[in-house]
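S.K.: My structure is below; once you've seen it, I'll send some questions.
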Amino acid sequence: MQFIPSTLPDLKAPVFNNGNVVAQGWYIICASRDLSVGRAKSFDLCGLRIAVYRGEDGEVRALDAYCPHLGTDLSLGRVDGNMIRCFFHHWAFDGAGKCQDIPCQAQIPDRAKIQAYATDEKYGFIWVYPDSQAPEPVVEFDELKGKSLVVWHDPPLERHCHHHICMMNGIDAQHLRTVHKLNVEMELSLDRNAIGNVIDFTMCGEIPGKTWRETVLQRFLGKRYEYSMRYADGCMGLLTMMKNVRLVSPLHMIYAYTPIAPNKTRIQPIYVAAKRPGIWGWFVTRSLLLLTRLSYYFLRDEDGLIYNNIRFDPQVLLGIDAPLVKYMNYVNQLKPSLWSKCFSKQKSSEV
């Protein structure tokens, strides 16, 4: 195999595997079902306390949790129409973070405002973006755009390493052979969107048919195997398995990553399938979701053993590792968010 030390990424670059940086992107704050109309809650997310509330119009808003007056958690207050009122002195803030009413005086100070964040609801969760505006909504599968979806999800799990390291697993063709005993020669193609925050890795190759496992795979899937991984903002991975094979429709799964400490990651698995009509459609849809879940379980524990016991410091990479290098370079061009400063402070306080 060819050694490629010349393509090693700059590991001192500002984003990849950097525990002081939270990249701009969409992060899960809670399940949609946990926030009914007229309710407010606050959560710790990437080193901050963020309050989310659902107004009477059904839309979710997100603000820094602490009132700029005297610092009370806004989630202790009440939702008033599409605003939220602080419990302490009843100051009312709109979804843009601007104070619109102070009961004790008519004049509102210019500084009576708070940071607001963009939100989106998709796949059964509420997502928050670390800025008041997001360039794009939460990423989707091309094949499922515009379709009604059925979504399952499991409880999140934690890994004791940076989420960028966990995310590399999906494009590490070498470990498919060594860890999972899937000896498929993979070829790589990739594509990136216009603003550079989404990159698609497609891996395909011939199934050799040299072992009993490979023979079974050939019989049911055909001689070629293909899957793709769509990465968004260095914090979401959309996996499509079983592409262009016999017997089984493509399987779709999402890995949503949230940094909870500089070297600790929460991973939310989400299984997604297009809703099919009729009783038979109901059965097919849920069968595909079940198969997706079982495929994830097959890989999860073996990979967890690795990523809970890793100190990532690559010194020698091989030609087969080219997708990993491309992924590292992609992450390094992502933009740090304003949450990075708070996350860095969290790291310092924990130390």
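S.K.: Look through region 43-70, keep the residues that are small (Gly, Ala, Ser) and touching a Phe, Trp or Tyr at 6+ places or on another chain (Cβ under 9 Å), and return whichever of them is farthest from Gln105 (Cα to Cα).
M.R.: Filtering first and then ranking leaves Gly47.
S.K.: Still on this structure, I have one more. Which of the residues spanning region 237-255 are assigned to a loop (DSSP other than H, G, I, E, B) and modelled with pLDDT of 95 or more?
M.R.: Once the filter is applied, which keeps residues that are assigned to a loop (DSSP other than H, G, I, E, B) and modelled with pLDDT of 95 or more, region 237-255 yields nothing.
S.K.: Considering only region 262-295, state which residues are under 30 Å from Ser340 (Cα atoms) and in contact with a Phe, Trp or Tyr (Cβ under 9 Å, 6 or more places away or on another chain).
M.R.: Pro262, Thr265, Arg266, Ile267, Gln268, Pro269, Ile270, Tyr271
S.K.: In region 56-75, what residues are surrounded by fewer than 19 Cβ atoms within 10 Å (Cβ to Cβ) and small (Gly, Ala, Ser)?
M.R.: The answer is Gly58, Gly71.
S.K.: Could you list, in sequence order, all residues of region 258-268 that are over 11 Å from Val22 (Cα atoms) and either in contact with a Ser or Thr (Cβ under 9 Å, 6 or more places away or on another chain) or in a strand (DSSP E or B) (or both)?
M.R.: Those that are over 11 Å from Val22 (Cα atoms) and either in contact with a Ser or Thr (Cβ under 9 Å, 6 or more places away or on another chain) or in a strand (DSSP E or B) (or both): Lys264, Thr265, Arg266, Ile267, Gln268.
S.K.: Restrict the check to region 277-293 and report whether at least one residue is part of a loop (DSSP other than H, G, I, E, B) and more than 18 Å from Ala173 (Cβ to Cβ).
M.R.: Yes: one or more hits.
S.K.: Would you check which residues across region 257-271 are charged (D, E, K, R) and modelled with pLDDT of 95 or more and list them?
M.R.: Arg266
S.K.: One residue is enough: does region 266-274 have a residue meeting the conditions surrounded by fewer than 18 Cβ atoms within 10 Å (Cβ to Cβ), within 18 Å of the chain's Cα centre (by Cα) and not assigned by TED's automatic domain parsing to the domain that holds Cys46?
M.R.: So far as region 266-274 goes, yes, one or more of its residues are surrounded by fewer than 18 Cβ atoms within 10 Å (Cβ to Cβ), within 18 Å of the chain's Cα centre (by Cα) and not assigned by TED's automatic domain parsing to the domain that holds Cys46.
Yes or no, residue by residue, for (1) modelled with pLDDT under 95; (2) surrounded by fewer than 16 Cβ atoms within 10 Å (Cβ to Cβ); (3) more than 21 Å from Leu35 (Cα to Cα); (4) of a type in the set (D, E, K, R):
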{"position": "Tyr117", "(1), (2), (3), (4)": "no, no, no, no"}
{"position": "Trp127", "(1), (2), (3), (4)": "no, no, no, no"}
{"position": "Ala134", "(1), (2), (3), (4)": "no, no, yes, no"}
{"position": "Pro137", "(1), (2), (3), (4)": "no, yes, no, no"}
{"position": "Phe141", "(1), (2), (3), (4)": "no, no, yes, no"}
{"position": "Val151", "(1), (2), (3), (4)": "no, no, no, no"}
{"position": "Arg159", "(1), (2), (3), (4)": "yes, no, yes, yes"}
{"position": "His164", "(1), (2), (3), (4)": "yes, no, yes, no"}
{"position": "Met168", "(1), (2), (3), (4)": "yes, no, yes, no"}
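Per-residue answers, yes or no, for (1) at pLDDT 95 or above; (2) surrounded by fewer than 19 Cβ atoms within 10 Å (Cβ to Cβ); (3) in contact with a Ser or Thr (Cβ under 8 Å, 6 or more places away or on another chain); (4) closer than 27 Å to Asn332 by Cβ:
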{"residue": "Cys30", "(1), (2), (3), (4)": "yes, yes, no, no"}
{"residue": "Ser42", "(1), (2), (3), (4)": "yes, no, yes, no"}
{"residue": "Leu48", "(1), (2), (3), (4)": "no, no, no, yes"}
{"residue": "Arg54", "(1), (2), (3), (4)": "yes, no, yes, no"}
{"residue": "Gly77", "(1), (2), (3), (4)": "yes, no, no, no"}
{"residue": "Ala92", "(1), (2), (3), (4)": "yes, no, no, no"}
{"residue": "Ala96", "(1), (2), (3), (4)": "yes, yes, yes, no"}
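S.K.: Out of Ser132, Ser75, Ser148, which single residue is under 25 Å from Val21 (Cα atoms) and among the polar types (S, T, N, Q)?
M.R.: Answer to the check: Ser132.
S.K.: Just a yes or no: is a residue in region 306-315 crowded, with 19+ Cβ neighbours inside 10 Å and modelled with pLDDT under 95?
M.R.: yes
S.K.: Step by step: first the residues of region 319-351, then only those that are in contact with a Phe, Trp or Tyr (Cβ under 9 Å, 6 or more places away or on another chain) and surrounded by fewer than 19 Cβ atoms within 10 Å (Cβ to Cβ), then the one that is modelled with the lowest pLDDT. Which residue is that?
M.R.: My answer is Gly319.
The values are calculated or read from the model by the stated rules, or taken from the named source; none is laboratory data. In this text, all values refer to a predicted model and were calculated from it rather than measured experimentally. Quick reminder, even Gly has a Cβ in these numbers, built from the backbone with ideal geometry, and neighbours come from all protein chains shown.
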